[in-house]
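Novice: This is the structure I want to talk about, given as structure tokens.
The values are calculated or read from the model by the stated rules, or taken from the named source; none is laboratory data. Please read these numbers as outputs of a predicted model, since none were measured by experiment. Don't worry about glycine lacking a Cβ; one is built from the backbone with ideal geometry, like all the others, and counts go over all protein chains shown.
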Amino acid sequence: MTTPLRIHHVAYRCIDAKKTVEWYRDHLDMGFVLAIAEDHVPSTHAPDPYMHVFLDAGGGNVLAFFELPNSPPMGRDTNTPVWTQHIAFKVGSLDELMAAKAKLQAAGIAVIGPTNHTIFQSIYFFDPNGHRLELAVDTATPEMNQQLDSVKWAMLNEWAETKRAPRHAAWMHANELSGQSGDIGT
């Protein structure tokens, strides 16, 4: 079996490819890497013209979008809460996170956070296509990471049996008593 080296790219749908590239360039400083346009889908050979754009998300990661003018309007999975499906990008420091928040808000983009998840802090906002985005900065100590690593299988196995939140890492939620959120991914 082949072990993946990294994610080659992650692709989402967009409403307008040009506006999407410009938005990610202007608000998240992502470089425009590549554009591919076809009249037929290469894998299925179906006639369906599209524009496929690729953006540099840092560290060899690529975020891609498809504009599909002949498809029905974009929708979302209405059975999944909006906060669940999102793209999270790592930033280098809390100062960078707060500077990004200020930049986004100055551009009129609503931002939630920072939210303290104990092992990282993050902010949340939406791109022009309605995709929820997160910028996160790691704040965990090596000890915290080791504690979480040591209980991950026990937590997963308990969840699989009970479908209730295991308490193996309850220490992460101690800050909830002070009014801070401690729920990962929320």
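Novice: Those residues that are β-branched (Val, Ile, Thr), more than 22 Å from Val82 (Cα to Cα) and touching a helix residue (DSSP H, G or I) at 6+ places or on another chain (Cβ under 8 Å), I need them from the stretch 119-155; list them, please. Lay out the reasoning, then the answer.
Specialist: Taking the stretch 119-155 and keeping what is β-branched (Val, Ile, Thr), we get 119, 123, 137, 139, 141, 151.
Filter once more, keeping what is more than 22 Å from Val82 (Cα to Cα): 119, 139, 141, 151.
Correct list: Ile119, Thr139.
Novice: Additional query: For the stretch 65-76, indicate whether the set of residues that are within 16 Å of the chain's Cα centre (by Cα) and either farther than 30 Å from Met144 by Cα or not assigned by TED's automatic domain parsing to the domain that holds Leu148 (or both) is non-empty. Walk me through it before giving the result.
Specialist: Taking the stretch 65-76 and keeping what is within 16 Å of the chain's Cα centre (by Cα), we get 65, 76.
Now drop any that are not either farther than 30 Å from Met144 by Cα or not assigned by TED's automatic domain parsing to the domain that holds Leu148 (or both), which leaves 65, 76.
Yes; the residues of the stretch 65-76 include at least one that is within 16 Å of the chain's Cα centre (by Cα) and either farther than 30 Å from Met144 by Cα or not assigned by TED's automatic domain parsing to the domain that holds Leu148 (or both).
Novice: Still on this structure, I have one more. How many residues does the stretch 1-30 contain that are surrounded by 17 or more Cβ atoms within 10 Å (Cβ to Cβ) and small (Gly, Ala, Ser)? So that I can check it myself, show each step before the final result.
Specialist: Step one: list which residues in the stretch 1-30 are surrounded by 17 or more Cβ atoms within 10 Å (Cβ to Cβ), which gives 14, 17, 20-21, 23-24, 27-28, 30.
Next, from what is left, pick out any that are small (Gly, Ala, Ser): 17.
Adding up the residues that qualify gives 1.
Novice: So the check is Cβ under 7 Å with 6+ separation or different chains; which pairs have a first residue in the stretch 28-46 that's under 24 Å from Pro128 (Cα atoms) and a second one that's among the basic types (Lys, Arg) and modelled with pLDDT of 95 or more?
Specialist: That search, which allows pairs on different chains as well, returns Phe32/Arg25.
Novice: Within the stretch 132-171, how many residues turn out to be touching a Ser or Thr at 6+ places or on another chain (Cβ under 6 Å) and free of Cβ contacts under 8 Å to residues at least 12 places away in the same chain?
Specialist: 0
Novice: Follow-up. Please determine whether any residue of the stretch 82-95 is loosely packed, with under 15 Cβ neighbours inside 10 Å, touching a residue at least 40 places away in the same chain (Cβ under 8 Å) and over 17 Å from the mean Cα position of the chain (by Cα).
Specialist: Within the stretch 82-95, one or more residues are loosely packed, with under 15 Cβ neighbours inside 10 Å, touching a residue at least 40 places away in the same chain (Cβ under 8 Å) and over 17 Å from the mean Cα position of the chain (by Cα).
Novice: Can you name every residue in the stretch 125-157 that is polar (S, T, N, Q) and closer than 28 Å to Leu104 by Cβ? Before you say what the answer is, go through the steps one by one.
Specialist: Taking the stretch 125-157 and keeping what is polar (S, T, N, Q), we get 129, 139, 141, 145-147, 150, 157.
Asn129, Thr139 - these are the residues of the stretch 125-157 that are polar (S, T, N, Q) and closer than 28 Å to Leu104 by Cβ.
Novice: Tell me which residues, restricted to the stretch 48-81, are over 18 Å from Asp16 (Cα atoms) and surrounded by fewer than 10 Cβ atoms within 10 Å (Cβ to Cβ).
Specialist: Gly59, Asp77, Thr78, Asn79, Thr80, Pro81
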